[in-house]
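J.: Before anything else, here's the structure in question.
The values are calculated or read from the model by the stated rules, or taken from the named source; none is laboratory data. Model, not experiment: these values are computed from the prediction. Heads up, the Cβs are rebuilt from the backbone with ideal geometry, glycines too, and the neighbour counts pull from every protein chain shown.
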């Protein structure tokens with residue numbers, strides 16, 4: 001009986017190895033993700049080796065991202081910095097994990113490393129911005145906060161039209177220190193300390209003018 005029990009245990013162990021191996025071989029690597037194209041305009045993040053489709057941005061979301069990009073671009077140009085601002089660029093945050101940012105700022109040197117390749121940074125950008133939508137609350141506040149801190153992104157903005165606030169997270173000794181801004185408060189950024197931009201201006205960008 002003891003020998004039978006040992007045999008059954010060994011078989012169970014082998015079955016587990018086969019299942020685990022099968023699952024692992026079906027996972028997408030980061031390298032595969034970086035060149036993946038399904039022939040559509042769909043956007044995907046890579047989460048633990050699995051493609052996760054992202055919903056198209058809301059109009060308000062799109063317009064707010066556009067304003068932030070324009071403000072950052074203008075400040076980069078004014079200060080003649082060797083930086084670039086990107087929309088919907090990817091950031092690798094793990095072995096089989098890559099996120100899409102709504103807006104991010106990276107150095108010209110980082111951008112040069114991506115010549116001829118997908119815009120997915122493998123080193124931390126200077127700043128990342130996420131604009132919260134109803135389906136991204138947990139992702140933006142919890143998952144990306146943890147992931148961006150682990151990667152060491154110096155500054156992370158969470159623009160939340162649902163709560164009418166902008167949270168600026170500054171990386172300090174392995175953790176983010178968060179400051180929330182509302183209404184007419186000017187957003188304080190260590191990356192762009194001279195930018196004069198209020199929460200009200202950011203949120204107003206998402207509103208269409210009246211007829």
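J.: Give the residues of the range 3-36 that are over 19 Å from the mean Cα position of the chain (by Cα) and at pLDDT 90 or above, sorted by residue number.
T.: Result: 27, single match.
J.: Return the only residue of 77, 42 being in the same structural domain as residue 197 (by TED's automatic domain parsing) and modelled with pLDDT of 85 or more.
T.: 77
J.: Now for a separate question. Would you check which residues across the range 56-76 are without any contact (Cβ under 8 Å) to a residue 24 or more places away in the chain, part of a helix (DSSP H, G or I) and farther than 15 Å from residue 158 by Cα and list them?
T.: 70, 73, 74
J.: Every residue in the range 152-174 that is over 16 Å from residue 103 (Cα atoms) and either buried (at least 18 other Cβ atoms within 10 Å of the Cβ) or within 17 Å of the chain's Cα centre (by Cα) (or both), please.
T.: Listed by number, the residues that qualify are 152, 165, 170, 171.
J.: From the list 131, 68, exactly one residue is surrounded by 14 or more Cβ atoms within 10 Å (Cβ to Cβ), more than 14 Å from residue 191 (Cβ to Cβ), under 16 Å from the mean Cα position of the chain (by Cα) and in the same structural domain as residue 192 (by TED's automatic domain parsing). Which is it?
T.: One residue alone meets the criteria, 131.
J.: Right, something else. Would you confirm whether or not the range 184-198 contains a residue that is surrounded by 12 or more Cβ atoms within 10 Å (Cβ to Cβ), within 22 Å of the chain's Cα centre (by Cα) and outside any loop (DSSP other than H, G, I, E, B)?
T.: For the range 184-198, residues surrounded by 12 or more Cβ atoms within 10 Å (Cβ to Cβ), within 22 Å of the chain's Cα centre (by Cα) and outside any loop (DSSP other than H, G, I, E, B): absent.
J.: If you go through the range 115-135 one residue at a time, how many are within 28 Å of residue 193 (Cβ to Cβ) and either out of contact with any helix residue (DSSP H, G or I) (no Cβ under 7 Å at 6 or more places or on another chain) or assigned to a loop (DSSP other than H, G, I, E, B) (or both)?
T.: Adding up the residues that qualify gives 8.
J.: Also, quick follow-up: Restricted to the range 88-114, and to residues that are in a helix (DSSP H, G or I) and in contact with a strand residue (DSSP E or B) (Cβ under 7 Å, 6 or more places away or on another chain), which residue is surrounded by the fewest Cβ atoms within 10 Å (Cβ to Cβ)?
T.: The qualifying residue surrounded by the fewest Cβ atoms within 10 Å (Cβ to Cβ) is 108.
J.: Does at least one position in the range 25-40 carry a residue that is within 25 Å of residue 203 (Cβ to Cβ) and touching a strand residue (DSSP E or B) at 6+ places or on another chain (Cβ under 6 Å)?
T.: No, there is no match, as no residue in the range 25-40 is within 25 Å of residue 203 (Cβ to Cβ) and touching a strand residue (DSSP E or B) at 6+ places or on another chain (Cβ under 6 Å).
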